[in-house]
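One structure is given here, and the rest of the page talks about it.
The values are calculated or read from the model by the stated rules, or taken from the named source; none is laboratory data. This one's a predicted model, so the numbers in the text were calculated from it and none came from an experiment. FYI the Cβ positions are ideal-geometry reconstructions off the backbone, even for glycines, and counts take in every protein chain you see. These area figures cover heavy atoms from the full protein model, side chains too; ligands, DNA and RNA do not enter into them. Shrake-Rupley method; radii C 1.70, N 1.55, O 1.52, S 1.80 Å.
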Amino acid sequence: MSYAYLFKYIIIGDTGVGKSCLLLQFTDKRFQPVHDLTIGVEFGARMITIDNKPIKLQIWDTAGQESFRSITRSYYRGAAGALLVYDITRRETFNHLASWLEDARQHANANMTIMLIGNKCDLAHRRAVSTEEGEQFAKEHGLIFMEASAKTAQNVEEAFINTAGTIYKKIQDGVFDVSNESYGIKVGYGGIPGPSGGRDGSTSQAGGCCS
Amino acid sequence: MHETDIHDLSDDADYAAASQQGSSSMTRTDSSKQSSSGDPEDSEIVYLKDNVTIHPTQYAAERISGRLKLIKQGSSLFMTWIPYKGQSSNARLSDKNLYTIRALPFSDIQSIRRHTPTIGWQYVIVVSSGLAFPPLYFYSGGVREFLAIIKQHVLIVRSSEDANLFLVNNFQDPLQRTLSSLELPGSLANRTPLSSGTPSDGSLENKHTSEDGHLRSIQRNNKQRQKSHDPARDISIQVLEKFSLVTRFARETTSQLFREGLVDGHGPNEKKRSNWASKDHQSQGMASNDMEIVPKKVPVPSDPLEFDKLSLVWGQPRQHPLGFQEWSTFLDTEGRVVDPTALKKRIFYGGVDHNLRKEVWAFLLGYYSYDSTYAEREYFVSVKKSEYETIKNQWQSISPEQAKRFTKFRERKGLIDKDVVRTDRSLTFYEGDDNPNVRVMHDILLTYSFYNFDLGYCQGMSDLLSPILFIMKDESEAFWCFVSLLERLGPNFNRDQSGMHSQLFALSKLVELLDSPLHNYFKQNDCLNYFFCFRWILIQFKREFEYEKTMRLWEVLWTHYPSEHLHLYMCIAILKRHRAKIMGEQMDFDTLLKFINELSGQIDLDPIIRDAEALCVCAGENGAASIPPGTPPSLPIEDSSIYYQQDEEVL
Ligand SMILES: Nc1nc2c(ncn2[C@@H]2O[C@H](COP(=O)(O)OP(=O)(O)O)[C@@H](O)[C@H]2O)c(=O)[nH]1
Ligand SMILES: [Mg+2]
């Protein structure tokens, strides 16, 4: 399959927050509560379209347990985007965000786009972290923020695609030297390296506006 | 295994050695008389090497070791190879006599081909009168001296096409001669062996029933030459006998090797081509232009082992699993395992019948001791059961109020709660809501985290427990078997990942030893952390094979035969199968990680176990030495020795 760009994403966050479910919902459009926990890393990929350009997202889904942090750190290299996920029903997963962010800042390239996701928003009755707190954290750390549900698919498309849109805009703005693959971007066929026409980085696919 | 000269394949190494050799220490001058027929007078041993070995079958385990000598008598040189007496070996006694080389005059030898694989042993194939002797493996090195000494005494010429082919008695056009000698073994393969009934009288002219006129004329030439300059030519030799008795394997090996050699002889591009050796490449046939075959790929350095695989199949064929009837033969009347080593070996080669696993795994894992009786085990199981209940009760008695103030407990329980519902739920045994086996798995893991509070719970443990519970079906027994397994694999889950890092480190050392081009590739591409093998090692390939195959593999690994670290050799075996693709496509760390991940479900278990065994055999002591003591799944080094070391440092 040909693409204009390939973006490497990494999904991080505590174990059990729903990283693998988010990935599966995005790539396969299904929620599978019965699946194996992630050991090491798993991969997913999907094509999306931004600005009429086919873009391939290659997504790295990581294991979240503390012991595996040192391994996970080696996966950040060359990621263009990261989805940092917490579980709105488990306060501690929110409390750990700072340490995840620290890892990301230390081991990923500085221009990596980070999307903060408060997952399991279908479980509103068990909510332990308010939407405002999530927004506040995102604002403080310069992240994009969304609440989502891997179960109902709410905001899942948007989360992945908005991240891609932001990355795409950075390319258009010349923030990245796309010939340098350490930014997590590969130029495929039809990709126009460097800033060029079409400054419009808005998404053209699925979901339209986010909530 | 590696001598210094193994790395020095520069073309003139042996020549250089020959000129330096003189009467150095390598030249043995004890003039012991030969006991073989035709005892040469005034003979002088000019070369003597122990542990020179023949493999009568393709299995590396079967071998006949002996002493190789070069004996000079007058102006003639003879080669002898006498197997050791009464040495334990899998080979039959008759085989020993069969392969004995009593006194082979160099005037009869046409060529010697040297093989210097970077792994395994160097060997030579001696071709005499058109027929090849089985490969002689130099277990203690010494091929260089061997050739050097020969060079001092007879005229040998290195083939212009093949730096490893040495032509003996070659007074004619070397190229013509090379091609002739190379053709011979090829035709040999199709020829019925010469009558093995009656050894002939030793006259070469009568020896060959071949219709091949060309072959004959060469031999006659040889013979005449021999007559004119070899005063000792009347020595009785049993070359013919040897020719007719070489086993099919030895013949095929040699002819295969020479067919390979024939390709070698065809052009100067050959060296380059051999660097391309890869499965892809081979399956696409031997076209002359590599660039056309694999367009996008870059040249891949050949696999040192692959290159040599024509010579021996090291790993043994897999057998059927151990069944009930055979199992009973391993037990005495009271239920003791009489010969645990034999049992482990048997299981290594075939695994265990599924219905027998419950019983046998308990031994393999170390829960049962081999010398226990039926009665002792029955008692033991009941004692262990109550012991289990006691530990389990420790967390079961924690009240909700207490749990509120016990964060560590809540965290652990929370992790385990989440993970047991994400472990093998597609299996009937664990599927469905409120599955009682999932509950049992939860209880065992939580109990373990109290039994071994320091280690606690870590992801991956449920993967290790799942098949054990599935087999044992009993909570307490599954728990204790799991405990036994974690005696060895526990360090995989150390918080600082030290157990994993030490295994990954050992793996990199082993790859360096067994496939240095691949090692260099990883080094250049920043892949030396071997993180791409992380999952393989952490949970013993559980995610790479289907459930049944995983259980087969585990029982094989648990035998610790032929090494406690066979799983590392497994990693190498798999990597080797894909080395051409990995290097050819210039995979970087990310690509490699993804590639390896996607091998899941694509790996054929039995061939990989065989390869792993082969690699382990080949690596031998050097392999073992590459793995630091205490590397899991070896049992941890005794604490006392650590204290001892600390004491020493202080002092
Ligand atoms: N209700 C609900 N449950 C979810 C959602 N996402 C994941 N889960 C559940 O949370 C558990 C952990 O999900 P998983 O994707 O494996 O988490 P990971 O460890 O971050 O990869 C699973 O049992 C899922 O069924 C969600 O959006 N809503
Ligand atoms: Mg996961």
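Accessible surface computed residue by residue for chain A, with neighbouring protein chains in place and a 1.4 Å probe, gives 39 Å² per residue. Across chain A, C-alpha contacts under 8 Å between residues 6 or more apart give a mean separation that, scaled by the residue count, equals a relative contact order of 28 percent. Here's how it looks for A:ALA150: its modeled amide H is under 5 Å from those of A:LYS120, A:CYS121, which are all 5 or more places away or on a different chain. Seen against the Cα atoms of chain A and their longest principal axis, helix A:131-141 is set at about 50 degrees. Remark: spin-label model distance A:ARG30-B:SER328 equals 4.8 nm, labels positioned 7 Å along the Cα→Cβ axis.
Here the stretch B:495-605 exposes an accessible surface that is 44 percent carbon and sulfur, computed with a 1.4 Å probe and the other protein chains kept in place. Between A and B, roughly 2700 Å² of accessible area is buried in total, ligands, DNA and RNA not counted and the probe set to 1.4 Å. Across the stretch B:343-455, Cα-Cα distances exceeding 22 Å account for 52% of all pairs.
Electrostatic bookkeeping for B:HIS501 treats Lys and Arg as +1 and Asp and Glu as -1; over the other residues with beta carbon under 14 Å from its beta carbon, the sum is +3. Solvent-accessible surface of the stretch B:505-651, averaged per residue with a 1.4 angstrom probe and all protein chains in place: 40 square angstrom. For chain A, a Gaussian network of Cα nodes joined below 10 Å ranks A:ARG126, A:ARG30, A:ARG77 by mean-square fluctuation, and the top entry is A:ARG126.
Between A:ASN109 and B:VAL298, what FRET efficiency comes out of the Förster formula 1/(1 + (r/R0)^6) with R0 = 35 Å and r the beta carbon distance, rounded to 0.05? Taking R0 as 35 Å, the efficiency between B:VAL298 and A:ASN109 is 0.80. Sorting B:GLU378, A:GLU158, B:GLU621 by solvent-accessible area of protein heavy atoms yields B:GLU621, B:GLU378, A:GLU158, largest first, with a 1.4 Å probe.
Compared with its chain on its own, the stretch A:31-58 contains the following residues whose accessible area drops by 50 Å² or more in the full protein assembly (probe 1.4 Å; ligands, DNA and RNA excluded): A:VAL34, A:ASP36, A:LEU37, A:ILE39, A:PHE43. Given a 1.4 Å probe and the protein chains as shown, B:VAL338 ends up with an accessible area of around 100 Å².
Backbone geometry of the stretch A:150-164 corresponds, through the Karplus equation with coefficients 6.51, -1.76 and 1.60 at θ = phi - 60°, to 3J(HN,Hα) couplings of 5, 6, 8, 6, 4, 6, 6, 3, 4, 4, 5, 6, 4, 4, 4 Hz, x marking Gly and Pro. Note the angle between two axes, namely the Cα long axis of helix A:97-107 and the longest principal axis of the Cα atoms of chain A, as a number of degrees from 0 to 90, rounded to the nearest 10. Roughly 30 degrees between the two axes.
Share of carbon and sulfur in the accessible area of the stretch B:96-164 stands at 49%, probe radius 1.4 Å. Rolling a 1.4 angstrom probe over the protein heavy atoms with all chains in place gives the stretch B:450-489 an accessible area of 24 Å² per residue.
Count Lys and Arg as plus one, Asp and Glu as minus one, and take only other residues whose Cβ is under 11 Å from that of B:HIS519; the net charge is then +1. Here the accessible area is traced with a 1.4 Å probe on the protein chains. For the stretch B:317-463, carbon and sulfur cover 52 percent of it. In chain A, the longest principal axis of the Cα atoms and the axis of helix A:19-28 are about 50 degrees apart. What does the charge add up to near A:LYS151, with Lys and Arg as +1, Asp and Glu as -1, over the other residues with Cβ less than 9 Å from its Cβ? Local net charge: 0. Note the full-extension length gain between B:SER140 and B:ASP496 as 0.36 nm times their separation in residues minus their Cα-Cα distance, in nm to one decimal. Taking B:SER140 through B:ASP496 to full extension adds about 124.0 nm, to one decimal.
Once the Kirkwood radius over Cα pairs is known for the stretch A:1-154, the Stokes-Einstein relation at 4 °C and 1.567 mPa s delivers a diffusion coefficient of 83 µm²/s. With every protein chain in place and a 1.4 angstrom probe, the accessible-area ranking of B:ARG552, B:ARG410, largest first, reads B:ARG410, B:ARG552. The contact residues of the stretch B:405-436, meaning those that lose at least 30 Å² of 1.4 Å-probe accessible area when all protein chains sit together rather than their chain alone, are B:LEU415, B:LYS418, B:ARG422, B:ARG425. What figure in square angstrom, to the nearest 10, would you give for the accessible area of B:TRP121 with a 1.4 Å probe? Looks like 40 Å² after rounding.
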